[in-house]
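**Student:** The structure follows.
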Amino acid sequence: MLIYYYDENNTYTHSDLIGDDAVMPANATKVAPLDGNGAGLYEPIIWHPETQTWTGATKEEYDAAHPADTVVVTPTADQQAQAKQMVAMANLTNQVAMLQKTVATLMVQNADSKEETKNV
């Protein structure tokens, strides 16, 4: 069975698998650390033995405690210019391919037209 451990401060530490017939350790529970909707919790996750429930931090509390997790990286002006050039190059490559197909079609049509004129 899957069990969830907590430390002396009732803070979640880890989970583990034990045999179904094994004795439950004193600092563990079978209750998964989830909210009322079955979603995961933000750390720190605290066990409440009196209610047999877990609680976690709010998203705002977690983000404030982990600012590196919420850093937004903005591309530099050079990176943005390079990206625009790459898109322009891809568009031009696509246009060249389409023009090559059009020229090939026109050449075939022209050859067919000359052949028809010859046979008249």
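The values are calculated or read from the model by the stated rules, or taken from the named source; none is laboratory data. Just so we're clear, the structure is a prediction, and the values are computed from it rather than from any experiment. Don't worry about glycine lacking a Cβ; one is built from the backbone with ideal geometry, like all the others, and counts go over all protein chains shown. Only protein heavy atoms, including side chains, enter the accessible area calculation; ligands, DNA and RNA are left aside. Shrake-Rupley method; radii C 1.70, N 1.55, O 1.52, S 1.80 Å.
**Student:** Take the solvent-accessible surface of the protein heavy atoms, probe 1.4 Å, and return the percent of it on the range 7-49 that carbon and sulfur atoms account for. Mind dumping the intermediate values first?
**Tutor:** On the way: 1510 of 2910 Å².
That fraction is 52 percent.
**Student:** Would you mind getting the accessible area per residue of the chain, heavy atoms of the protein chains only, 1.4 Å probe, in Å²?
**Tutor:** Details: 9470 Å² over 120 residues.
Heavy-atom SASA per residue in the chain reads 79 Å².
**Student:** Next question. Enter the Cα centre distance for the pair the range 94-120 and the range 1-67, rounded to the nearest angstrom.
**Tutor:** The range 94-120 and the range 1-67 have Cα centres separated by 72 Å.
**Student:** What distance in nm separates the simple spin-label points at Ala111 and His66, each placed 7 Å from Cα in the Cβ direction?
**Tutor:** Using points 7 Å along Cα→Cβ, the separation is 6.4 nm.
**Student:** Still on this structure: Nearest 10 degrees is fine. How inclined is helix 77-119 to the longest principal axis of the chain, computing both from alpha carbons?
**Tutor:** So the inclination is approximately 40 degrees.
**Student:** Counting other C-beta atoms within 10 Å, and keeping those with at most 14, which DSSP coil GluC sites (Glu not before Pro) do you find in the range 10-73? Provide the component values of the computation, followed by the final result.
**Tutor:** Details: sites: Glu50, Glu60, Glu61; in loops: Glu50.
Listed in order of number, the matching sites are Glu50.
**Student:** Which length gain, in nm to one decimal place, applies between Thr74 and Leu92 when the Cα-Cα distance is subtracted from 0.36 nm times their residue separation? Don't skip to the answer; put the middle values down first.
**Tutor:** On the way: separation 18, 0.36 × 18 = 6.48 nm, distance 2.69 nm.
Between Thr74 and Leu92, full extension yields 3.8 nm more.
**Student:** Can you give the charge dipole size of the chain about its Cα centre, rounded to the nearest 20 debye, using +1 on the beta carbon of Lys and Arg and -1 on the beta carbon of Asp and Glu? Display every interim value, and only then the final one.
**Tutor:** On the way: 6 positive and 16 negative charges, 234 e Å.
In total the dipole reaches around 1120 debye.
**Student:** Now for a separate question. Calculated FRET efficiency, Asp20 and Thr51, Cβ-Cβ r, R0 22 Å, to nearest 0.05? Walk me through the numbers before you get to the answer.
**Tutor:** Working: r = 25 Å, r/R0 = 1.14.
The pair Asp20/Thr51 has a calculated efficiency of 0.30.
**Student:** Enumerate the aspartates and glutamates that Lys101 could reach by cross-link, defined here as Cα to Cα under 18 Å, with residues fewer than 8 away along the same chain left out.
**Tutor:** Here the aspartates and glutamates satisfying the reach criterion relative to Lys101 are Asp112.
**Student:** At what distance in nm do the modelled label points of Asp35 and Thr13 sit from each other, each positioned 7 Å from its Cα along Cα→Cβ?
**Tutor:** In this crude label model, Asp35 to Thr13 measures out at 2.7 nm.
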